[in-house]
1. Please calculate how many Å² of accessible area the stretch 201-354 carries per residue, with a 1.4 Å probe and no DNA, RNA or ligand atoms counted.
2. Using a 1.4 Å probe, what is the accessible area per residue for the stretch 42-183, in Å²?
3. Which aspartates and glutamates, if any, have their Cα less than 15 Å from the Cα of Lys289, not counting same-chain residues under 8 positions apart?
4. For the stretch 283-421, what is the relative contact order in percent, using Cα pairs closer than 8 Å and at least 6 residues apart in sequence?
5. Using amide H atoms built in the peptide plane, which far-off residues or other-chain residues are under 5 Å from Thr333 H to H?
6. The stretch 291-328 to the stretch 105-135: how many Å between their Cα centroids?
7. Mind ranking 71-84, 183-196, 273-286, 370-383 by how tightly packed they are, going by the mean number of other C-beta atoms within 10 angstrom, highest first?
8. Would you grab the residues whose amide H sits under 5 Å from the one on Lys248? Only those 5+ places off in sequence or on another chain, please, with H modelled 1.01 Å from N.
Amino acid sequence: MALTQTNGTPHPVEEVENPFESMLSRFQEAAKILDIDEDTHKILVSPAKEVKVNLTVKMDNGRVQVFEGWRVIHSVYLGPSKGGIRYAPNVHLEEVKALAAWMSFKCAVVNVPFGGAKGGIKCNPREMSKGELERLTRAYTFALADIIGPDRDIPAPDVGTDPQIMAWIYDAYSRRMGFSSPAIVTGKPLVLGGSLGRVEATGRGVMVSALAAMGKLGMNPKESSAAVQGFGNVGSISAQLIAEKGVKVKAISDVSGAYWNDNGINIPEAMDYYKSNNLSLDGYKGAEKIGNEELLTAKVDLLVPAAIEDQITRHNADKIQARLIVEGANGPTSAGADTILNSKGIMVVPDILANAGGVTVSYFEWVQNRMGHFWSLDDVYKKEDQVMHDSFEKVYQTSQKYNCSLRIAAYIVAIDKIASTMKLRGVF
Ligand code: NAD
């Protein structure tokens, strides 16, 4: 995960649905199929906790700036809540609430014993110095020290945050508590107790899900092409790993624009360029520049949206030519687009399944921190691949059973698991 642009050029035809409402509409559809009772329904659509903090930070110019921040805990039925922290100029409560709910469902889909949470700070990390970012992160950690905890709520990186920020959270929390607590946060640098395989975990999960879906569709990876939107942690690693499986990645993009090469983009070369060019593809010469919209609707077999929310909407869903969409990002497809994609017969591996490799290896990191014993890279890969395969198959079988999309099937798997746990634990 890298500190990257989060205030990208707005999508030209973006239809911004309230992300929480968007999540709810899928939830309702799955809940109806499962026929869950009204009380369970009420509980699952209400986040357990929403905390707002105003963080005062001394800026480099000596002035104080106040930043708004949130932590939303959606549920803790399966275990302590888990979810990343997003640093972005446009992050808002409704977005954090949706992301927190998705974390609950995601953990349930991959059978990880965590509830769901998410955090956000309204800031532009690209315009802040390292010192300002450190003070902001420490202020956030101190403000939330009674909410987070290795047995309560465990943060992780998301858009705009990286292992260095996780290191500051670990340090600030440990100082506040008076003892070292590596399991307070995941996505840490390796030397601080991070897990091998965490950096590439989400992209790896995307690759495993893409191959599993291709298998169901009878697609041969070596004869398939792909377009990947977003070139940060998830996008670049997904592109690299699917290319290693023989898929021709013809288009990539980041906030600077999209890039097309009909012969396939040399992904390692593009990754080197991105890193050496201040985390930007701007000026990349290995491909022709095209528009973001062109990338989404390009003639490719596989589309991997791995940037931000609401990129595939009811305005462009009809133009999508890919047979398969694997959602690396959270919420890249609006609820309105789902119906169109389904009617076109496009298979969508939904975010709460496709990008769950990240939280799976975050869980492995937490387990290793608690054991004080670390696994080899090979062990992490094997365990992650197994989880992703099993979860894909479970969701696929559920979609066959209920004759519904993989997205609704994933929600069914998740809601069923959380609701039955809730029933056993009881409500008072
Ligand atoms: P990142 O900050 O590393 O990268 C984001 C990328 O998207 C950058 O290349 C940026 O330039 C690009 N981008 C931003 N706006 C864009 C736009 N309008 N058009 C095209 N590209 C744009 O973030 P990340 O960690 O790769 O996360 C990407 C998505 O994946 C987010 O939705 C995040 O919630 C989700 N996700 C991340 C992880 C993880 O482990 N990192 C896990 C699960 C889900």
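The values are calculated or read from the model by the stated rules, or taken from the named source; none is laboratory data. What you see is a predicted model, and the numbers here were worked out from it, not measured in a lab. Note that each Cβ is placed from the backbone with ideal geometry, even for glycine, and that neighbours are counted across all protein chains shown. Areas reflect the complete protein model, heavy atoms only, side chains present, ligands, DNA and RNA absent. Shrake-Rupley method; radii C 1.70, N 1.55, O 1.52, S 1.80 Å.
1. Ligands and nucleic acids excluded, the result is 35 Å² per residue.
2. Accessible area per residue, the stretch 42-183: 36 Å².
3. Within reach: Asp254, Asp262.
4. Result for the stretch 283-421 is 17 percent.
5. Counting only residues 5 or more places away or on other chains, the set is Asp310, Gln311, Ile312.
6. 25 Å
7. The peptides rank, most packed first, as 71-84, 183-196, 273-286, 370-383.
8. Ser224, Ser225, Ala226
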